[in-house]
1. How high is the relative contact order of the chain, in percent, counting Cα pairs under 8 Å that sit 6 or more residues apart?
2. Quick one: the Cα spread of the chain along its three principal axes, in angstroms, biggest first?
3. When the dipole is taken about the Cα centre of the stretch 31-87, and only Lys, Arg (+1) and Asp, Glu (-1) are charged at their Cβ, what size is it in debye, to the nearest 20?
4. Quick check on packing: order 105-117, 41-53, 86-98, 151-163 by the mean number of other C-beta atoms within 10 Å, highest mean leading.
5. Using a 1.4 angstrom probe and counting only protein chains, how large is the accessible area of V126 in Å², to 10?
6. How far is helix 125-141 tilted, in degrees, relative to the longest principal axis of the Cα atoms in the chain, given as a value from 0 to 90 rounded to the nearest 10?
7. Which whole-number percent gives the relative contact order of the stretch 54-128, counting Cα pairs below 8 Å spaced six or more residues apart?
8. Carbon-plus-sulfur fraction of the accessible area of the chain, 1.4 Å probe, in percent?
Amino acid sequence: RHPGLRAPGDQRRLLPQARDLANKIDDSEFRNRTLAYVDFELLREAFQKKNIAEVVRISKTGELTPLQRVWGYTQAARLVTATDSARATDYLQEAATAVRRIDGSDPDRARGLMAVATGFARTERVRAWEIITEAVKVANSAEGFTGEDGMLSARLATKNMVVATNSSAEDFDVAGGFT
């Protein structure tokens, strides 16, 4: 662990300079892996702080996996649903675009579609059912999809250490879409 990535005594708060530090890494492959890990941590932190603008910014421009990007947009939608359903719908449409970039046989596509459907269930029920129908078709063809394994993870490995983050993501589970 690089001592500058986290504030002393506060293992949850990522320093604002973490991304700048990661960008200074000479090895491009390691730099990209580090940026991916840092961006996911920054995304989670922004969501915890309910900083919608930052969640959307990172979801749009961060070095995220497609599923992490979907999670970011669906969580931004969750944060604004009660006050601005039109904006929530926009974020969910961004999430739907991101999820459709995932291979059709990948279980993450089914998970992402479930998250989008769960979000639309809060704003547009008809749209939610359309996406659930698509999710079921994808789930039936995705080997390894159980419907109960909604997790997000990020991992960074070096020669001397491994740091990993695993988070439960209930919206990726089938139960969320049907609740």
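The values are calculated or read from the model by the stated rules, or taken from the named source; none is laboratory data. Small disclaimer: the values here were computed from a predicted structure and weren't measured. Here the Cβ positions follow ideal geometry from the backbone for every residue, glycine too, while neighbour counts run over all protein chains shown. We work out accessible area using only protein heavy atoms, side chains counted, and drop any ligands, DNA or RNA first. Shrake-Rupley method; radii C 1.70, N 1.55, O 1.52, S 1.80 Å.
1. It comes to 16 percent, rounded to a whole number.
2. Principal axes ranked by extent give 48, 38, 26 Å for the Cα atoms.
3. Dipole about the Cα centre, nearest 20: 40 debye.
4. 105-117, 86-98, 41-53, 151-163
5. Here the accessible area works out near 110 Å².
6. 70 degrees
7. 29 percent
8. Ligands and nucleic acids excluded, carbon and sulfur reach 49 percent.
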